[in-house]
1. Quickly run through region 128-158 and pick out the residues that are among the aromatic types (F, W, Y) and over 24 Å from M102 (Cβ atoms).
2. Note down all Cβ pairs under 6 Å where the first residue falls in region 216-241 and is open to solvent by 70 Å² or more (accessible area, probe 1.4 Å), the second is modelled with pLDDT under 90, and they're at least six residues apart or on different chains.
3. Looking only at region 25-38, filter to residues that are of a type outside the set (D, E, K, R) and open to solvent by 50 Å² or more (accessible area, probe 1.4 Å); which one of those is nearest to A81 (Cα to Cα)?
4. Please list, ordered by residue number, the strands (runs of 3 or more DSSP E) wholly in region 45-102 having 3 or more residues that are within 25 Å of D168 (Cα to Cα), at pLDDT 95 or above and open to solvent by 30 Å² or more (accessible area, probe 1.4 Å).
5. Search region 122-143 for residues being open to solvent by 30 Å² or more (accessible area, probe 1.4 Å) and among the aliphatic types (A, V, I, L, M), and hand back the single one that is nearest to K95 (Cα to Cα).
6. Would you mind finding the one in W174, W138, W166 that is at negative phi and touching a Ser or Thr at 6+ places or on another chain (Cβ under 9 Å)?
7. Looking at region 198-206, is at least one residue out of contact with any Gly (no Cβ under 8 Å at 6 or more places or on another chain), surrounded by 19 or more Cβ atoms within 10 Å (Cβ to Cβ) and either modelled with pLDDT under 95 or assigned to a strand (DSSP E or B) (or both)?
8. Among the listed residues V154, V117, which satisfies the condition of being open to solvent by less than 20 Å² (accessible area, probe 1.4 Å), more than 26 Å from R237 (Cα to Cα) and not charged (D, E, K, R)?
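The values are calculated or read from the model by the stated rules, or taken from the named source; none is laboratory data. Just so it is clear, the model here is predicted, and its values are computed rather than measured. For neighbour counting, all protein chains shown are included, and Cβ atoms are generated from backbone atoms with ideal geometry for every residue, glycine included. To get the accessible areas, we keep the full protein, side chains included, count just its heavy atoms, and leave off ligands, DNA and RNA. Shrake-Rupley method; radii C 1.70, N 1.55, O 1.52, S 1.80 Å.
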Amino acid sequence: MLFSIITPSYRSSQWLRLCIASVADQKGVCLEHIVQDSCSEDGTQDWLPHDKRVTAFIEKDKGMYDAVNRGFRRSTGEVAAYLNCDEQYLPGALKAVQDYFMAHPQTDVLLADTVVVDKEGGFICVRKSLVPQRNIMWVFNPVITSSIFIHRRVLEQHHLFFDEKWRDLGDKVWTVEMVRRGLKMAVLRRFTSSFSDTGENMNLKPNAIREAKAVMEMAPRWVRRWKWPLLQIHRLRQVCHLIYWQRPFDYSIYTLANPERRVDFHVEKPTAVWWTRHRNDQAKVLPG
């Protein structure tokens, strides 16, 4: 089973190095790592074309989702995924995903779990995936794209690419479309990736907030009216699936201070609450 990992890149040279390293050291799988760089002027072009671990395309694009679509169309793997520069795969991640797809070949989309870290790699929270539900997901999308893996047929038969009119919220529209088309989605209850909350992530910027409102306008009217109760249903669903519960655990990632080797972190008291995002989400769903 060949994996195709797509990384869109723009002026993220330091983070891109860590991302590439985390893909390159995956054991027990065959993969291609396609990097779509939008002519970054931060030094990326000095080293990326010479990095033999990736297939690099340096060309102007119309945004992140256009870059990912270009990578998807160039890819050849049976399983495809996209990993942003500020994200990494954890050790053994792709082997676990491969084993699941081999055992469950009918699965179209596999969702796994993510560790959210700060700039230095320190623990912030865990984000565990749930299969999105048609109406509740308008209020809260229970997946992070770094831990989404899609079968080739999703691209070839369903033509499920990103809608490039979005600049920041295309991820959510993409997963809404997965649910709308009735794709067979499953959860692998394992941490497969890390996401670095740098404070500069796209979904924290003003345009993302504007697009979040525009996406909500696409939801049924009754969903917009009842978004607060729907959020409570989502939280109850998380409780029933033990999303808020996590034993002490370890994770290993590359850091800006140690880009040449993984650094091990131990989390004695994990939390599933991403406090800064939690407060923002509350502000978005409160009636007003």
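1. W138, F140
2. Here the result reads W228/V285, each pair linking region 216-241 to a residue that is modelled with pLDDT under 90.
3. L31
4. Answer list for region 45-102: 55-58.
5. This residue is V131.
6. Working: W138 fails: touching a Ser or Thr at 6+ places or on another chain (Cβ under 9 Å); W166 fails: touching a Ser or Thr at 6+ places or on another chain (Cβ under 9 Å).
Criteria check complete, one pass: W174.
7. Among the residues of region 198-206, not one is out of contact with any Gly (no Cβ under 8 Å at 6 or more places or on another chain), surrounded by 19 or more Cβ atoms within 10 Å (Cβ to Cβ) and either modelled with pLDDT under 95 or assigned to a strand (DSSP E or B) (or both), which makes the answer no.
8. Numbers: V117 fails: more than 26 Å from R237 (Cα to Cα).
None of the other options fit; the residue is V154.
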